[in-house]
Amino acid sequence: MKKLLALSVVAVACATAHAQETKLTFAMSGWTGFAPLTLAKEAGIFKKNGLDVTIKKIPQKDRHLAIASGDVQCAATTVETWIAWNANGVATTQIFQLDKSYGADGMVVKSGISKISDLKGKTIAASAPGTSPYFALAWFLKKNGMTPKDVKIVNLEPQAAANAIIAGVADLDAAMTYEPYLSAVRAKPEAGKIMATTLDYPMVMDTVGCTPKFLTDNPKAAKALADSYFEALEMIQKDPKKSFEIMGADVKQTGEAFEGSQKFLRWQDRAANQKFFAGEHAAFSKEAADLLMEAGIIKSLPDMAKLADTRFLK
């Protein structure tokens, strides 16, 4: 009898714990910087913190549509992308920073092109307007006295763009891509070279954001999401081999190859997040918004004061 009662208590406890898990659908891509979120799911960190997370791989150009439809509540993307989404009517709020790119995003070119200004009138592959690769291209061009109107842009996603350069596609002169696909070009220098990266132009940084409704209705879940990310970073520090294997498997890389890819970025812990949102986030957002306006990606500024909510970083 006592044994049955004990089992019953355990069953009720498990059922209660399960009932308390907040369901959350999260949109992201295979970008190396997002990988600790995959680790948090696969290693059971989300579940431990009361979250039932479904991760959907959705191209950046379509991620806001998934949010607008209600299919997903939170997403990972670059800081300037949130500006574009909010300016175009998709209300979202950033709650923590994931990473900063240190050479993990870049422009690859065919031989014969020695500087960015040589690309005037040339054909460049980049994701659609409103995505990080397109914004990076606009940023690189602006820093070299050009605009997207000075080149011909064909829309290819980062993996396809890198593969096109490696394959030597005849009518393509350059491409915008990122890790782990940038490393594929690094491995084949005869196919093309890396012209510039975020080491030359530091401007790619990723954050997680959610809809205002989700944050209002589920503040504890939002805190658990942030905490889970920081716990995943701790796991990477404590058990890098296992962590790299888990994160690499998600993008079809070995643990060793993934370890190589992640060297080109810096994941941001809680202290780095607090520092970032103390001033750098607002300053970068202003410069990014100006460029988005110049490039015609947005027609007016969103409410810049509502782009981030830092209460979940404590």
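Derivation of every value follows stated rules applied to the coordinates shown; laboratory data play no part. Every value quoted in this text rests on a predicted model; they were computed, and no experiment measured them. Neighbour counts run over all protein chains shown; Cβ positions are idealised from the backbone, glycine included.
What the table shows:
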{"read-out": "Antiparallel DSSP beta bridges within the chain, percent to nearest 5", "value": "60"}
{"read-out": "Projected label distance in nm at K143 and R270, using a 7 Å step from Cα toward the beta-carbon", "value": "3.3"}
{"read-out": "Proxy reagent accessibility, fewest Cβ within 10 Å first, across V79, V169", "value": "V169, V79"}
{"read-out": "Contour minus Cα-Cα distance for A91 and K193 (0.36 nm per residue)", "value": "32.8 nm"}
{"read-out": "Gyration tensor (alpha-carbon) shape descriptor, the chain, a/c threshold 1.5", "value": "prolate"}
{"read-out": "Dipole magnitude of region 105-197 about its Cα centre (Cβ charges: Lys, Arg +1; Asp, Glu -1), debye to nearest 20", "value": "280"}
{"read-out": "Coil-residue trypsin sites (Lys or Arg not before Pro) of region 227-301, DSSP, other Cβ within 10 Å capped at 12", "value": "K252, K299"}
{"read-out": "Where labels lie 7 Å past Cα in the beta-carbon direction, separation of K122 and A160 in nm", "value": "2.2"}
{"read-out": "For region 105-197: relative contact order, % (alpha-carbon pairs under 8 angstrom, 6 or more apart)", "value": "45"}
{"read-out": "Cα-centre dipole for the chain with unit charges at Cβ (Lys and Arg positive, Asp and Glu negative), debye to 20", "value": "420"}
{"read-out": "Candidate lysines for bridging to K48, where Cα separation is under 17 Å - those fewer than 8 sequence places away on the same chain excluded", "value": "K23, K220, K223"}
{"read-out": "Expected 222 nm ellipticity per residue - DSSP helices of 4 or more, -39500 (n - 2.57), all of the chain, to 500", "value": "-13500 deg cm²/dmol"}
{"read-out": "Where trypsin sites (Lys or Arg not before Pro) fall in DSSP loop in region 120-162, at most 12 other Cβ within 10 Å", "value": "K120"}
{"read-out": "Whole-Å distance, taken between Cα centres, linking region 277-313 and region 105-144", "value": "23"}
{"read-out": "Distance (nanometres) between label positions extended 7 Å along Cα→Cβ at S300 and A282", "value": "2.3"}
{"read-out": "Sequence of V109, V154 once ranked by neighbouring C-beta atoms within 10 Å, starting from the fewest", "value": "V154, V109"}
{"read-out": "Tensor-based shape of region 45-196 (alpha-carbon gyration tensor, a/c under 1.5 rounded, otherwise prolate or oblate)", "value": "prolate"}
{"read-out": "Entries in K263/K299; K100/K252; K57/K149; K56/K275; K149/K188 that, when Cα-Cα distance is taken, lie over 26 Å", "value": "K263/K299; K57/K149; K56/K275; K149/K188"}
